[in-house]
1. Would you tally the net charge around E88, using a Cβ to Cβ cut-off of less than 12 Å, leaving E88 out, and scoring K and R as +1, D and E as -1?
2. Over the Cα atoms of segment 1-72, how large are the radius of gyration and the largest Cα-Cα distance (Dmax), in Å?
3. With the full set of protein chains in place, find how many percent of the accessible area of the chain is carbon and sulfur; take the probe as 1.4 Å.
4. Taking the Cα atoms of the chain, report the difference between the largest and smallest coordinate on each principal axis, in whole Å and largest first.
5. With a 1.4 Å probe and every protein chain left in place, work out the accessible area per residue of the chain in Å², rounded to a whole number.
6. For Q115, what is the net charge nearby, where nearby means another residue's Cβ is under 15 Å from its Cβ and Lys, Arg count +1, Asp, Glu -1?
Amino acid sequence: QVQLVESGGGLVQPGESLRLSCAASGSIFSIYPMGWYRQAPGKQRELVAAITSGGSTNYADSVKGRFTISAGNAKNMVYLQMNSLKPEDTAVYYCNQGGRYSRGTYYPNPGSWGQGTQVTVSS
């Protein structure tokens, strides 16, 4: 059983930055691949970014050039650096571990979600 804990969310103004963290614990051979998702009120959960053990990454078009997913120096940590935040980035952000990464797309592991962290971008 793998436990995922997201942190780092908050309330920021447009143009500001946040760094989200995802800490994985439990019986893990490898935390990869891992993905960050978000869900805004009334909308479906969508993939934001994903990373593989080899360092391959992919991003939603809406965040390319602004968000960066990376592995942490500490074992079992993955980060999402979010720059130039926009009001439409407002959502609950979740990490997902151990899904499938194929042809540049991450398919989530349905049994591996954290509790989420709220990101609100508002002036």
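1. Once positives and negatives cancel, what remains is +2.
2. Using the Cα atoms of segment 1-72, the pair Rg, Dmax is 13.3, 39 Å.
3. Summing carbon and sulfur atoms, their accessible area is 46 percent of the total for the chain.
4. Projected onto the principal axes, the Cα atoms of the chain cover 43, 31, 27 Å.
5. I get 52 Å² per residue for this part.
6. Details: positive: R38, R45; negative: E6.
My count for the surroundings of Q115 gives +1.
The values are calculated or read from the model by the stated rules, or taken from the named source; none is laboratory data. From a predicted model like this one, the values you see are computed outputs, not experimental measurements. Note that we place each Cβ from the backbone using ideal geometry, even for glycine, and neighbour counts take in every protein chain shown. SASA here: full protein model, heavy atoms, side chains in, ligands and nucleic acids out. Shrake-Rupley method; radii C 1.70, N 1.55, O 1.52, S 1.80 Å.
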